[in-house]
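Peer 1: Got a structure here, written out as structure tokens. Questions coming.
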Amino acid sequence: GAAGARSRDAYARARQVLPGGTTRVTVERDPVPRYVSHGAGAWLHDLDGRRYLDLNNNYTALIHGHAFAPVTEALQRQLRDGTAFANPTEHEIALAELLCGRVPGLDRLRFCNSGTEAVLFAVKAARAFTGRPAIAKVEGAYHGAYDWVEVSQASEPGTWGPAEAPSAVPYYRGMPEAVLGDVVTLRFNDAEGAARLIGAHADRLAAVVLDPMPSRAGLVAPEPDFLAAVEAAARRHGILLISDEVLNLRQGHGGAAARYGLQADLFALAKIIGGGLPIGAVGGRAEVMRVFDSSSGRPALPQGGTFAANPLSMVAGRAAMQALDQAALQRLEGLGDDLRRRLAAASMARQAPFTITGAASLFRIHPKRRPPREHRDAHCSPAEMAVLAELSRFCAGHGILLPRGTSGCLSTPMGPAEVDLVVQVFERFLEERADCYME
Ligand code: PMP
């Protein structure tokens, strides 16, 4: 399962110019990352001529897999006409129309270049609208690299603090105290605690930032009373609800809030809406989105970006989203249901300690006997992480890239044969490697 000679050579070169040899902390390595030569559909090819079923899909951004023909063709056409202008193009209108037409509550939107920016602008919009500085967010949940949402992201046991009032945990040394003071940490699926904490800090809270199924906090299903409690508490106190759907928009034609019955004021979108190119979008209720409106002078919240709404991302996103119709999403969900059910059954049949979470095209394998409800249950000990590392290594050795510490995802070029392959390799792992997972 280890990377080959060409990847090792590339990595040695990379270490001379990139700290640690990579430019994303999320690059998986064992200890050397696999360098990609190209991707095609569901498959990824590395420099050493090996082929892998890609269950990472650039961290869920590539819902159509690699080099999806409609996207490639749209990009080729656009490349001849120029890559980025200071002036707007019709392409941004077309993608905005498509998204506003699909996501309930998305009346207006603004484009940016990443999910980080989408969340950042959503938080700032909520502040500008309410005149308040603070946010509430879920413990463990990942929302990108804006300081306030980094608080209590991927936090470790020992830092969590009391269950009834989780600590605001700094993400890096030197994180300003002022940031920590403006973040209230909630536990996912703790309806009573969330309502109480939101109420207690209501006069300072601009927004609750909520991913309906936070991937890094376990990809655990939201309990309906939790979502209802958060929404009601926010509503009661004039606090805006931001649905971070950077990852989970792919859970339905109308996105994740629509799927789970959550009424958000603002949305952060990214990943799949760019068809594989860099993108982000902040959107929501027209009344709130007015903070960005500069048509009659300085708006409440000036926002821009050199490559915002660049036509390449716009045409790629439109081609990808047009192909992602109800039928395509239903088909993916069927495959996902089948995969999750069969992985769980394989583990159960051998009394192995794995549970499966997820929905639609997303899944996560937990090295745990009991299904997690929130970050504190989903968090893996070093021994559990070692089991996941072995599983991921085994999969790589059998031609599958299974993300180690995050969610796996299916893509539209996959079908029953690919699901069979994943199940078969997991079953072989359970048979052959009981040494590494049995207590
Ligand atoms: N929010 C969520 C829920 C995410 O999953 C991510 C990225 N994985 C982000 C925000 C940040 O997006 P980006 O990497 O595009 O900045």
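The numbers here are math on the coordinates, done by the rules we state, and not lab data. Predicted model, so just to flag it, every value in this text is computed and none were measured. Glycine gets a Cβ as well: all are built from the backbone with ideal geometry, and neighbour counts include every protein chain shown.
Peer 1: Along each of the three principal axes of the Cα atoms of the stretch 361-405, give the extent in whole Å, ordering the values from largest to smallest.
Peer 2: Rounded to whole Å, the extents work out to 31, 27, 15 Å.
Peer 1: With θ taken as phi - 60° and the coefficients 6.51, -1.76 and 1.60, list the Karplus ³J(HN,Hα) couplings across the stretch 58-64 in order, rounded to whole Hz; mark glycine and proline as x.
Peer 2: Going residue by residue, I get 6, 6, 6, 6, 9, 6, 9 Hz, with x marking Gly and Pro.
Peer 1: Give a quick list of GluC sites (Glu not before Pro) in the stretch 129-223 that DSSP marks as loop, anything other than H, G, I, E or B, with at most 12 other Cβ atoms within 10 Å. Working shown, then result.
Peer 2: Working: sites: GLU139, GLU150, GLU164, GLU177, GLU192; in loops: GLU139, GLU164.
Of the GluC sites (Glu not before Pro), the ones in loops of the stretch 129-223 whose Cβ has at most 12 other Cβ atoms within 10 Å are GLU164.
Peer 1: Quick check on the chain: of the DSSP beta bridges with both residues there, what percent are antiparallel, nearest 5%?
Peer 2: Bridges in the chain that DSSP calls antiparallel: roughly 55 percent.
Peer 1: Tell me, CYS100, CYS112 in order of fewest to most beta-carbon neighbours within 10 Å? If you can, show how the numbers build up before the last one.
Peer 2: On the way: CYS100 15, CYS112 26.
Ranked by crowding around the Cβ, least crowded first: CYS100, CYS112.
Peer 1: Looking at the stretch 152-300, send over the antiparallel percent of its DSSP beta bridges, to the nearest 5.
Peer 2: Just about 40 percent of them are antiparallel.
Peer 1: Further question: Quickly estimate the mean residue ellipticity at 222 nm for the chain, helices only: each DSSP H run with n ≥ 4 gives -39500 (n - 2.57), and the total goes over all residues, rounded to 500.
Peer 2: -11500 deg cm²/dmol
Peer 1: List the chymotrypsin sites (Phe, Trp or Tyr not before Pro) within the stretch 49-108 that DSSP assigns to loop and that have no more than 14 neighbouring Cβ atoms inside 10 Å.
Peer 2: Qualifying residues, ordered by number: PHE85.
Peer 1: Normalise the Cα radius of gyration of the stretch 1-83 by 2.2 N^0.38 Å (N = residues in it) and let me know the number.
Peer 2: For the stretch 1-83, the normalised Cα radius of gyration is 1.26.
Peer 1: Another question, if that's okay. Could you list VAL151, VAL291 in order of exposure, starting from the residue whose Cβ has the fewest other Cβ atoms within 10 Å? Intermediate results must be reported in sequence, preceding the final value.
Peer 2: On the way: VAL151 25, VAL291 18.
Fewest-to-most Cβ neighbours within 10 Å comes out as VAL291, VAL151.
Peer 1: Using DSSP to call loops (not H, G, I, E or B), can you name the trypsin sites (Lys or Arg not before Pro) in the stretch 1-35 whose Cβ has at most 10 other Cβ atoms within 10 angstrom?
Peer 2: Answer in residue order: ARG24.
Peer 1: While we're on this one: Among VAL179, ALA118, ALA194, flag the residue with its Cα farthest along the positive direction of the charge dipole of the stretch 69-323, charges on Cβ as +1 for Lys/Arg and -1 for Asp/Glu.
Peer 2: About the Cα centre, the residue reaching furthest to the positive side is ALA118.
Peer 1: Then there's this: Limiting things to C-alpha atoms, what are the Rg and the maximum Cα-Cα separation (Dmax) for the stretch 136-232, in angstroms?
Peer 2: Rg, Dmax (Cα atoms, Å): 12.4, 37.
Peer 1: Relative to 2.2 N^0.38 Å, what does the C-alpha radius of gyration of the stretch 32-163 come to as a ratio? Two decimals please.
Peer 2: 1.40
Peer 1: Which Cα, out of ALA270, MET321, LEU95, lies furthest along the positive dipole direction of the stretch 69-323 (beta carbon charges, K/R +1, D/E -1)?
Peer 2: Selected residue: LEU95.
Peer 1: Among TYR172, TYR11, which comes first, second and so on when ranked by fewest other beta-carbon atoms within 10 Å?
Peer 2: The order, fewest Cβ neighbours first, is TYR172, TYR11.
Peer 1: Please list the non-local residues whose amide H lies under 5 Å from the amide H of SER155, H modeled 1.01 Å from N, same-chain partners needing a gap of 5 or more.
Peer 2: GLY140
Peer 1: Given H placed 1.01 Å from N in the peptide plane, which residues other than close sequence neighbours of CYS380 have an amide H under 5 Å from its amide H?
Peer 2: For CYS380, whose amide H was placed from the backbone, there are no distant partners under 5 Å.
Peer 1: Using the crude model of +1 on Lys and Arg Cβ and -1 on Asp and Glu Cβ, and no other charge, please compute the dipole size for the chain relative to its Cα centre, in debye to 20.
Peer 2: With only Lys, Arg, Asp and Glu charged at Cβ, the dipole is about 480 debye.
Peer 1: Treating cross-link reach as a plain straight distance, find the lysines whose alpha-carbon is under 22 Å from the alpha-carbon of LYS271, omitting any fewer than eight places away in the same chain.
Peer 2: Result set, ordered by chain and number: LYS124, LYS137.
Peer 1: Same structure again: Search the structure for amide H atoms under 5 Å from the amide H of CYS112, placed 1.01 Å from N in the peptide plane, and list their residues when 5 or more places away or on another chain.
Peer 2: Amide H neighbours of CYS112: GLY280, ALA281, VAL282, ALA309.
Peer 1: Whole-Hz ³J(HN,Hα) for each residue in the stretch 172-185, computed from phi via Karplus 6.51 cos²θ - 1.76 cosθ + 1.60 with θ = phi - 60°, x for glycine and proline: what do you get?
Peer 2: For the stretch 172-185, the Karplus-derived couplings read 8, 4, x, 4, x, 3, 4, 5, 4, x, 10, 10, 9, 9 Hz, x marking Gly and Pro.
Peer 1: Rounded to two decimals, what is Rg over Rh for the stretch 69-323 when you use alpha-carbon atoms and the Kirkwood radius? Don't jump to the answer; show the numbers that get you there.
Peer 2: On the way: Rg = 18.1 Å, Rh = 18.5 Å.
Rg/Rh: 0.98.
Peer 1: Can you compute 3J(HN,Hα) from phi for each residue in the stretch 365-372, using the Karplus curve 6.51 cos²θ - 1.76 cosθ + 1.60 with θ = phi - 60°, rounded to whole Hz and x for Gly and Pro?
Peer 2: Values per residue, Gly and Pro as x: 9, 9, x, 9, 6, 9, x, x Hz.
Peer 1: Of HIS398, VAL423, PRO382, which is farthest towards the positive pole of the stretch 370-439's charge dipole, taken about the Cα centre with +1 and -1 on the beta-carbons of Lys, Arg and Asp, Glu respectively?
Peer 2: Toward the positive end, the furthest listed residue is PRO382.
Peer 1: Report the rotationally averaged projected area of the chain based on its alpha-carbon convex hull, in square nanometres.
Peer 2: 21.2
Peer 1: What dipole magnitude, in Debye to the nearest 20, does the stretch 108-250 give about its Cα centre under +1 on Lys/Arg Cβ and -1 on Asp/Glu Cβ? Before the final figure, lay out each step's value.
Peer 2: Working: 14 positive and 17 negative charges, 103 e Å.
So the dipole magnitude of the stretch 108-250 works out to roughly 500 debye.
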